[in-house]
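In what follows, a structure is listed as structure tokens, so that the remarks can point back to it.
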Amino acid sequence: MSRRPREKRLEQRLRPLGATLPKRLIRWLLIAALTLTLVFLGATAAYSAYKNYRRRPPDQIHLAWLQNPATTMTVVWRTYRDDTPSLVEYRLKGATDWQQAVGSHLPSGTDGVLHDVTIEDLTPNTTYEYRVKGDYWSVWSDVATLRTAPLPNTKSFDVIYLADTGLVGRKDGLATGTQQIVDEIAKLNPLVVLAGGDYAYYDKDRRYKPLDRAIDTWFNQMMPIAHQSVMMPTFGNHEALLGENFTLWSQRFATPTGFDDNRNYSFDVGNAHFISIFAIYEQQGLSKATLKWIEDDIQAAKASGKDWVIPFMHVSAFAEGASHPSNLALRAQLGPLFERTGVKLVLSSHDQAYERTYPLVDVPKSMTPTSTSKTCYTQNDGVTWIKTSPGGKKSNKSEAFSIFKNPTPPAWTAYRNNTMHVFTQLHVEPAGENQGEVQVKTFGVRGDGSPPVVIDSFKYATGTCSS
Ligand SMILES: [Fe+2]
């Protein structure tokens, strides 16, 4: 009995509080719900951005030399956001602090933008670490290495030429060596890669459309090589004809200022001078203006003391394969020019088999070998023409490697092989070591994962072959 009045009083006291509780509770619940919603949305956006980055890190990373190869390096890559700054961080290998270099945007051709950054004031013959800016916050590419060129006659270096790659995974099954060629060259990690043309074969491989997407795919395919070795191109018939477009290809590469909208250009590495020549026609030769530019360029290189002048191009002046025979106009034009100017080694491709001549003089008339040696030549010898093809993709014409027209090789042939994918390595020594010679090795790759084999090896000495 005595409890009831007390409970009543308590009830009366709590009633105002009970009346206000739902409003406060609702307010706090609303605030909590709003906060949770914002946190959820923020976390979702962050996760989505993270997933985007994981799916699309900076790609197509490749190195090039537009200016002095001993003291500069140009880095090109693609990001998907067009407000991402063109920023490279670099440091001496093993150092702690990053330095920064900034550049500019270029059209990507497809999604996002290309970034083009030239790092300057580097030390010759030095390895640096670098990374490029990606999309989203503090996202960067993986750290990789780049190397500057040695000053002339201070250090040896390696150069690799490859061509006729195709894109991995072609439906017609012809790209039987592409992936392994990329893997093997990436393992060798040369200072420079000379890309010899015929890259994506857009006319027969239409998995990536339009052409710019096929170009994206090719640059990503080459990234294991080109993010650590400088990649300098020449262009093939496929980049300029057959439904492709020279401008679309050339604007993706960084090349020095040359001739004819950079269809031809040159650059120096140590004591060697490399000339990229635009040779794309099956039988047509070069224009007079192009020939004059080539000759002037070689003479200037010789005058500046370069020991080696090495032209590289796509179409071959010496080829016995049935898929793409010798370009005789090119042979008639470049034979005398190269002999006159002291060129010793010429690199080309196009016809899908490996062929290498003896050192020849009096081209295109008698085409006389100056030596019967298979392995060593001197400065008194003629010009050796090397055809290194394919670098991954077999011929559409034969659906195999190029078939030699005759079981007996021509008199000018020192070695030939049409059973493997190939790439050619030049090891250039400085004067004073091994007489400053150039050692040439061509590697055959079966594409089945078995180790590459050296199928041809020879050298040009600056002294005598017996010393
Ligand atoms: Fe070709």
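The values are calculated or read from the model by the stated rules, or taken from the named source; none is laboratory data. What you are looking at is a predicted structure, and each value in this text was computed from that prediction instead of being measured. Please note: Cβ atoms are built from the backbone with ideal geometry, for glycine as well, and neighbour counts cover all protein chains shown.
In segment 319-341, the residues that are within 16 Å of Phe278 (Cα to Cα) and among the charged types (D, E, K, R) reach residues that are buried (at least 21 other Cβ atoms within 10 Å of the Cβ) and at pLDDT 95 or above with C-beta atoms within less than 6 angstrom, at least six apart or across chains, in these pairs: Arg331/Ala317. All of Thr217, Thr176 fail the test of being in the same structural domain as Ser323 (by TED's automatic domain parsing), more than 16 Å from the ligand (Cβ to nearest atom) and more than 15 Å from the chain's Cα centre (by Cα), apart from Thr176.
In the set (1) under 30 Å from Ile277 (Cβ atoms); (2) surrounded by 19 or more Cβ atoms within 10 Å (Cβ to Cβ); (3) away from the ligand (no atom under 16 Å from the Cβ), the condition left unmet by Leu162 is number (3). Scanning segment 102-121 for residues that are of a type outside the set (Val, Ile, Thr) and crowded, with 16+ Cβ neighbours inside 10 Å yields Gly103, His105, Leu106, Ser108, Gly109, Gly112, Leu114, His115, Asp116. Kindly indicate whether Ile215 is in a helix (DSSP H, G or I), touching a strand residue (DSSP E or B) at 6+ places or on another chain (Cβ under 7 Å) and surrounded by 19 or more Cβ atoms within 10 Å (Cβ to Cβ). The answer is no for Ile215.
One residue alone among Met223, Met231 is crowded, with 19+ Cβ neighbours inside 10 Å, in a strand (DSSP E or B) and modelled with pLDDT of 95 or more, and that residue is Met231. Take the residues of segment 273-292 that are more than 16 Å from the ligand (Cβ to nearest atom) and exposed (fewer than 15 other Cβ atoms within 10 Å of the Cβ): which is nearest to Leu345 (Cα to Cα)? That would be Lys292. One residue stands out among those in segment 99-143 that are of a type in the set (A, V, I, L, M) and not in a loop (DSSP other than H, G, I, E, B): the one that is farthest from Asp83 (Cα to Cα), which is Ile119.
The criterion of at least 1 residues that are of a type in the set (A, V, I, L, M) and more than 25 Å from Pro336 (Cα to Cα) is met by the following strands (runs of 3 or more DSSP E) wholly inside segment 363-467: 421-428, 438-445, 453-460.
Would you confirm, using the coordinates I've provided, whether Ala195 is surrounded by fewer than 23 Cβ atoms within 10 Å (Cβ to Cβ) and within 14 Å of the ligand (Cβ to nearest atom)? No, not satisfied.
Check Lys187, Lys204 and return the single one that is outside any strand (DSSP E or B), in the same structural domain as Lys387 (by TED's automatic domain parsing) and modelled with pLDDT under 95. On inspection, the qualifying residue turns out to be Lys204.
Taken over segment 323-364, the criterion of being within 15 Å of the ligand (Cβ to nearest atom) and of a type in the set (S, T, N, Q) is satisfied by Ser323, Ser326, Asn327, Ser348, Ser349, Gln352.
Do we have Val102 as at pLDDT 95 or above, touching a Gly at 6+ places or on another chain (Cβ under 8 Å) and not acidic (Asp, Glu) here? The answer is no for Val102.
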